[in-house]
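The values are calculated or read from the model by the stated rules, or taken from the named source; none is laboratory data. Given the structure is predicted, the values throughout are model-derived calculations rather than measurements. In this analysis, Cβ positions are derived from the backbone assuming ideal geometry, glycine residues included, and neighbour counts consider all displayed protein chains.
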Amino acid sequence: MFGKFAALFFAILLSSGCSSLSPVEMAPEQVQERISEGEIIRVGDTVKLTTRDGEIHEFEVTAVTPEQIVGENIDIAIDDIVAVETREFSAGKTTALAGGAVLMWAIIVAVALGGTLAL
């Protein structure tokens, strides 16, 4: 039972990975041009878009056309976008998280078994 729980815990941990939203630092006109050219946003990306009306939309992109970005139940005209953040995977954060989780798991096992952990 304990081993199955541990395997499930690590599978979930490692499959989730670590990512963060990174802003695209450009003037709105440049952002719009680069999106239209397919340089910034691609199908499958998770994006956070700010539109001219100040609304913020975060979603996974299902299509990109020269005129709009499309997600499930949402489409945003490229001309309305003033800021973009894209989600990027971080191998360093994932490695640190996994290493910390392994260390924590070792401590939990040691305590549960009544022993001490020799570091």
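Counting only strands (runs of 3 or more DSSP E) that sit completely within the stretch 11-119, those holding 3 or more residues that are polar (S, T, N, Q) and modelled with pLDDT under 85 correspond to 19-23.
For the stretch 71-82, a tally of residues being closer than 14 Å to Ser36 by Cα and either touching a residue at least 24 places away in the same chain (Cβ under 8 Å) or buried (at least 16 other Cβ atoms within 10 Å of the Cβ) (or both) returns 6.
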